[in-house]
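Only one structure is covered here, and it is reproduced in the block below.
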Amino acid sequence: MNKLWGGRFEGTMDALIEKLNNSLPFDSRLWREDIAGSIAHATMLGSTGILSQTDSQEIVMGLESLRDALTSGAVSLPSDAEDVHTAVESLLRERIGAVAGRLHTARSRNDQIATDIRLHLRSACDAIEKEITAFQQTLLTLSEKEMETILPGCTHLQHAQPIVLAHHLLAYFWMLDRDKERLRETRKRVNRLPLGAGALAGTGFPIDRQQVADILGFEQVLPNSLDAVADRDFLIEFLAFASILAMHLSRLAEEIILWNTPEYSYILLDDSVTTGSSIMPQKKNPDVAELVRGKTGRIYGSLVTLLTLMKGLPLTYNKDLQEDKEPVFDAIDTLMVVLPALNMTLSTATFQRERMAEAARGDYSTATDLADYLVRQGLPFREAHEVVGRVVRYGIETGQPLEALDAPTLSGFHPLLAVNPEGAQEVVTLQWSVQARRSQGGTAPEAVRAQWKQAEARLKE
Ligand code: ARG
């Protein structure tokens, strides 16, 4: 295939070097954006009089028919083209002849590729946002049903204080909410127009960049042509967003894996999201959750790739920038699979409510409530902590949970426990402990219902 830059060269390119140089194997996925950008550019060239109306219209119609032909599969990109821009231009030339050669007036592949990738990422942001919203909807639906489901809340992976499952699920809702905020912030900076920067210094033709921005739906025209062709901050921001989101999904995946073990048995995973073993007939493995956890590594890798790629690049365009695409495409593809896959895993899972309650019973996780009880009787918290510590030690030594300690036993630990031993016995039950935490953002069902409403309203924004 002819190069877009053959004139200056006498010799031909070595086959190995061509393989290194060509980007079509991965930038072919930008053909829709490349054509959209070219349609906007050709329209502007016509309306500013840089091209005649006839030429402009011929090019636009040629591009539109090419887009339809590529969409229907009637034609495909020539595989020997250097990049997507060369491939599109050569197909256009086949359709409309030499006038196709006027399209590249006042444009460079440097501002063209920056425009293509921004358009592509903008659509990807919208698609990913939909998947995040669907995931949040699942968390809302599930948590609505689990307002009274008690399970051990943990710190250090040790039973800490009892919580309700809805509260635990909603914690992930808010993580995803912040992810969405970050995504929307990123999208704003993605949605700015580089086209019109030319190779680096602008152009001598009287172009109208605002018109191009309007046609393509960009919110702003990038004010500096050098920055416009050299900036890839928006890709790094996207990958930072993607990394944090992947980290959240990975944490949830890890909990699903733990909760699905026979030791926990808090959840049962549906057959549709599990796999078996080729040797052990009894196995049912949580592969989806493991892959979600594992794929987090590739997204982090992409972020580090881009940060490293950009570090030390002198202004303006350098061919290094061609390496920006694959990591970003990979992160988009990965998120577009792991988000719905983990969503499916969660929405089809069965929560083993009885098993969760059983795990929380007798685990001394209401010890704080007994200490708080003594505080309400007037004891300073530090002393109350000390007294209850002794109660717990006694319970462990005698093999009795807090709930089982009778009134005379409790009374023996402190005079304030003798005042109303039934009151002390009541506060160490799971129900009481959970109900008590009515502070804003706490785990009491009453507080969680308020939180749920807030989450629901947020999702509708
Ligand atoms: N394939 C190139 C890229 O991905 C497009 C821009 C090429 N520009 C150039 N001057 N060689 O960055």
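Derivation of every value follows stated rules applied to the coordinates shown; laboratory data play no part. Small disclaimer: the values here were computed from a predicted structure and weren't measured. Positions of Cβ are backbone-derived with ideal geometry, glycine not excepted, and every protein chain shown enters the neighbour counts.
Could you sort the peptides 135-141, 415-421 by per-residue average Cβ neighbour count (10 Å cutoff), highest mean leading? Could you put the intermediate results ahead of the total?
Numbers: 135-141: 20.0, 415-421: 15.6.
For the peptides 135-141, 415-421, the packing ranking is 135-141, 415-421.
If you take every DSSP beta bridge whose two residues both sit in region 144-244, what share of them, in percent to the nearest 5, is antiparallel? Could the numbers behind the result be given before it?
Details: 6 of 8 bridges.
Restricted to region 144-244, the bridges split so that about 75 percent are antiparallel.
Run the dipole for region 83-135 about the Cα centre, Lys and Arg Cβ at +1, Asp and Glu Cβ at -1, nothing else charged, and hand back the magnitude in debye, nearest 20. Kindly include the intermediate steps, with their values, before the conclusion.
Details: 8 positive and 8 negative charges, 55 e Å.
Using Cβ point charges on Lys, Arg, Asp and Glu, region 83-135 gives about 260 debye.
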Quick check on region 348-452: take the gyration tensor over C-alpha atoms, sort the square-rooted eigenvalues as a ≥ b ≥ c, and tell me if it's rounded (a/c under 1.5), prolate or oblate. oblate
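Using a cut-off of 15 Å between beta-carbons, work out the net charge of the residues near Gly11 (Lys and Arg +1, Asp and Glu -1, Gly11 not included). Display every interim value, and only then the final one.
Values: positive: Lys3, Arg8; negative: Glu10, Asp14, Glu18.
So the surrounding residues net to -1.
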Could you sort 378-385, 193-200 so that the peptide with the highest average Cβ count within 10 Å comes first and the rest follow in order? 193-200, 378-385
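Give the relative contact order (percent, whole number) for the chain; include only Cα pairs under 8 Å separated by 6+ residues. Let's see the in-between values first.
Values: 620 pairs, mean separation 70.8, N = 461.
In percent, rounded to a whole number, it is 15.
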Check which residues have an amide H placed less than 5 Å from Ala160's amide H, if you skip close sequence neighbours. Gly153, Cys154, Thr155
Mind listing the phi-derived Karplus ³J(HN,Hα) values for region 454-461, rounded to whole Hz, using 6.51, -1.76 and 1.60 with θ = phi - 60°, and x for any glycine or proline? 4, 5, 4, 5, 4, 5, 7, 4
Tell me the angle of helix 367-376 to the major Cα principal axis of the chain, expressed in degrees between 0 and 90 and rounded to the nearest ten. 70
Relative contact order for region 114-171: what percent, with Cα pairs under 8 Å and sequence separation of 6 or more? 28
Most packed first (mean Cβ within 10 Å per residue), the peptides 64-70, 307-313 order as 64-70, 307-313
Quick check: pseudo-label points 7 Å beyond the Cα along Cα→Cβ at Glu358 and Thr141, how many nm apart are they? 2.9
Classify region 360-399 as rounded, prolate or oblate, taking a ≥ b ≥ c as the square roots of the eigenvalues of its Cα gyration tensor: rounded when a/c is under 1.5, otherwise prolate if a/b is larger than b/c and oblate if not. oblate
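With runs of 4+ DSSP H residues as the only contributors, calculate the mean residue ellipticity of the chain at 222 nm using -39,500 (n - 2.57) per run, divided by the residue total and rounded to the nearest 500. The partial results should precede the final answer.
Working: 20 runs with 288 residues, N = 461.
The helix contribution divided over the chain gives -20500 deg cm²/dmol.
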Towards the positive end of the charge dipole of the chain, with charges on Cβ (+1 Lys, Arg; -1 Asp, Glu), say which of Leu24, Leu4, Leu335 has the farthest Cα. Leu4
Can you list residues from other chains, or at least 5 along the same chain, whose modelled amide H is less than 5 Å from the amide H of Leu51? Gly46
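Test of understanding: what is the full-extension gain from Gln440 to Glu386, defined as 0.36 nm times their sequence separation minus their Cα-Cα distance? Each step should come with its number before you reach the end.
Values: separation 54, 0.36 × 54 = 19.44 nm, distance 2.79 nm.
Once the chain is fully extended between Gln440 and Glu386, it gains 16.7 nm.
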For Leu222, what residues show an amide H to amide H distance below 5 Å, using hydrogens built from the backbone and excluding near sequence neighbours? Leu193
Using the alpha-carbon atoms, what tilt in degrees (0 to 90, nearest 10) does helix 287-310 show relative to the longest principal axis of the chain? 50
May I ask for the distance between the Cα centers of region 56-91 and region 221-245, given as a whole number of Å? 28
Relative to the chain, whose Cα atoms define the longest principal axis, helix 233-259 and its Cα axis are tilted in degrees, nearest 10, by 30
